[in-house]
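The values are calculated or read from the model by the stated rules, or taken from the named source; none is laboratory data. Please read these numbers as outputs of a predicted model, since none were measured by experiment. As a convention, Cβ positions derive from the backbone with ideal geometry for all residues, glycine included, and neighbour counts pool all protein chains shown. What goes into the accessible areas is simple: the full protein's heavy atoms, side chains included, and nothing from ligands, DNA or RNA. Shrake-Rupley method; radii C 1.70, N 1.55, O 1.52, S 1.80 Å.
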Amino acid sequence: MTFRNRPRALASLVAVAASAALLAGCSGATPAPAEGEAQTVTWWTWNAFNPDKTIADFEAANPNITIDYKLYSYNDYVTAIRTGLTSNDGPDVFQVQPGELVTNFGPLALPLDDFLAENGGDRINPEGLSQLQLDGSQVALPSYMSAAGLIYYNASILDELGVAVPTDFDEWKTACATIEAAGYDCLAHGAKDAWVNTDVYLSLINSIAPGEVYDAIEGKADWTDPAFVDAMQAWSDLFTSGIIPAGATAAAEYPDAFGAFLEKKAAFIALGTWNTPGTMTSVGIAVSQETVTAKIDSTYLSAPFPAPVAGDAPTGLFGGPDNGWAVSAKTDAQDAALTFLDFLSLGGGQEIQAAGGNIPAVTDVSVATDDVVDPRQVADIERQQTDLGKLVGARQIPY
């Protein structure tokens, strides 16, 4: 299952956030092409973060390598990559996502195990690597990390009403009653979109029985076991109790639910760490403002998705690499392509991700917090990065 519509809008929404950071491009030990030997690396993506700065910084550090960049919509990308990787006119470096894309296109990628061993691969979040492997071989490296299992909340609404952040459904229903009495919706939710429904279900089951869903995915547990039935009942309860307002099944997460959240029409929304730049940084908020009519004048924070059962712990984060980069096995510019891959996943590209509010795949680069709107968001963002180091499991399902 590929969550293709998810944060593509937000990724472009905050892509300008890193452009203000003047970062020196650094890279690992991968040998670049011989000095003076000009090479071109063709780079295909559907969702690259701040590609203009990425290309500019890389080419400045590697003047003999030119990046030929091609951006597709997701659907067009999948169509183009199927033929591109088997032709002589395809990309040298291409984008994949854990799950379906790794399964389908990993066999057409250059194995990267030796590259990792020689270039500090132990710096990368282990989950960022494992979800981009195929049959035990590393076929791609992560661009940045992301995870679901969070609710984002309008702290301005909660502060105004004296409502505490809920940790379980009982607390949430009580909070929703106060919120709705004040004229706001409780949880904005685009139930028209399968991916966000899956995220919410995984949040529920990973609270009720942490990790058991991955046994079911692998055929080692029964989907009708009591924990899964309880999770489906909790799913129903979100709608019948009014936590999710009427009309949600006709709404998309983007732009409908997210727009309602930004415009202070709802107090909560169920999203993941990719939502942080566009709601917690001043540059991201400025760009988010372009997507809605009402002025954004609230402070946003995040918390774990509340536990369905009182006394249970809320869900842990589940996720991994948001996407990753692979090198075509047919490339005729292998050294240059590997040099660019090194920049994207181990070098200056990680600094660009961090400067824009994305959580880097390398664990020794901290996400930037100097552009937050409210000081409380610093600890929030730092907690997200810490929790990405102890994921309960994956977000993408491999079929």
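Okay, residues lined up against (1) in a loop (DSSP other than H, G, I, E, B); (2) surrounded by fewer than 19 Cβ atoms within 10 Å (Cβ to Cβ):
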position	(1), (2)
Y69	no, yes
D76	no, yes
T79	no, yes
N88	yes, yes
P91	yes, no
T103	no, yes
F115	no, no
D122	no, yes
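Restricted to segment 218-239, and to residues that are part of a loop (DSSP other than H, G, I, E, B) and more than 25 Å from the chain's Cα centre (by Cα), which residue is surrounded by the most Cβ atoms within 10 Å (Cβ to Cβ)? So that I can check it myself, show each step before the final result.
Our first condition is that a residue be part of a loop (DSSP other than H, G, I, E, B); within segment 218-239, this holds for 218-225.
In the following step, the residues that additionally are more than 25 Å from the chain's Cα centre (by Cα) were identified as 219-225.
Values: G219: 8, K220: 9, A221: 16, D222: 10, W223: 12, T224: 9, D225: 14.
Per the criteria, the residue is A221.
Yes/no per residue for (1) of a type outside the set (S, T, Y); (2) touching a Lys or Arg at 6+ places or on another chain (Cβ under 8 Å); (3) open to solvent by 30 Å² or more (accessible area, probe 1.4 Å):
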residue	(1), (2), (3)
Q334	yes, no, yes
T339	no, no, no
F343	yes, no, no
L346	yes, yes, no
A354	yes, no, no
P360	yes, no, no
T369	no, no, yes
V372	yes, no, yes
R376	yes, no, yes
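With of a type in the set (V, I, T), in contact with a Pro (Cβ under 6 Å, 6 or more places away or on another chain), buried (at least 20 other Cβ atoms within 10 Å of the Cβ) and modelled with pLDDT of 65 or more as the only criterion, which of T54, T42 stands out?
Details: T54 fails: in contact with a Pro (Cβ under 6 Å, 6 or more places away or on another chain).
That would be T42, the only listed residue that is of a type in the set (V, I, T), in contact with a Pro (Cβ under 6 Å, 6 or more places away or on another chain), buried (at least 20 other Cβ atoms within 10 Å of the Cβ) and modelled with pLDDT of 65 or more.
Does segment 138-156 contain at least one residue that is part of a helix (DSSP H, G or I) and touching a residue at least 60 places away in the same chain (Cβ under 8 Å)? Yes: one or more hits.
Quick one: which of D159, D215, D193 is charged (D, E, K, R), touching a strand residue (DSSP E or B) at 6+ places or on another chain (Cβ under 6 Å) and either open to solvent by 60 Å² or more (accessible area, probe 1.4 Å) or modelled with pLDDT under 95 (or both)? When all the criteria are applied, what remains is D193.
Total residues in segment 254-274 satisfying the condition of being within 22 Å of Q384 (Cα to Cα) and modelled with pLDDT of 95 or more: the figure is 10. Considered as a group, the residues in segment 164-181 that are touching a residue at least 24 places away in the same chain (Cβ under 8 Å) and open to solvent by 10 Å² or more (accessible area, probe 1.4 Å) include one that is nearest to K390 (Cα to Cα), and that residue is T167. Within segment 263-280, being over 19 Å from V200 (Cβ atoms) and part of a helix (DSSP H, G or I) holds for P277, G278, M280. Checked against the criterion of being touching a helix residue (DSSP H, G or I) at 6+ places or on another chain (Cβ under 6 Å) and not in a loop (DSSP other than H, G, I, E, B), the candidates V196, V200, V163 yield just one match: V196. In the set I269, I285, only one residue is open to solvent by 20 Å² or more (accessible area, probe 1.4 Å) and not aromatic (F, W, Y); that residue is I285. Checked against (1) open to solvent by 10 Å² or more (accessible area, probe 1.4 Å); (2) of a type outside the set (K, R); (3) at pLDDT below 95; (4) farther than 27 Å from A181 by Cβ, G242 passes all but condition (4).
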